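No lab work stands behind these numbers, since they all come straight from the coordinates. Just so you know, these numbers come straight off a predicted model, no measurement behind them. Glycine also receives a Cβ, built like all others from the backbone with ideal geometry; neighbour counts cover every protein chain displayed.
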Amino acid sequence: MWETRSVELSVQLPREIADQAEELQADDPEFMSRVILYGLTRRSIYRHLRQKESSLAEVDLQVGPPSL
């Protein structure tokens, strides 16, 4: 698969959600890791697609509108 390493994250959450996150972390730390990995993966894919979309838009502008 790939090499992994641990990181420590600190986030500000509403109290109720923070309490639930702490409880979940204590009960099933592996699940919490997967949830965070899922979220970060989605964010990375979104950024990649946005950058690709941006670069395609720039190419379209440079080429100009299609001739009829």
Next on the checklist: For the range 1-55, which chymotrypsin sites (Phe, Trp or Tyr not before Pro) pass both filters: DSSP loop (anything but H, G, I, E, B) and at most 14 other C-beta atoms within 10 Å?
Outcome noted: W2
Item to check | Debye log10 I(q)/I(0) at q = 0.22, 0.28, 0.34 Å⁻¹ for the range 15-61, Cα point scatterers | outcome: -0.77, -0.93, -1.05
Checklist entry - Using 7 Å Cα-to-Cβ label points, what is the L37/R50 separation (nm, one decimal)? => result 2.5
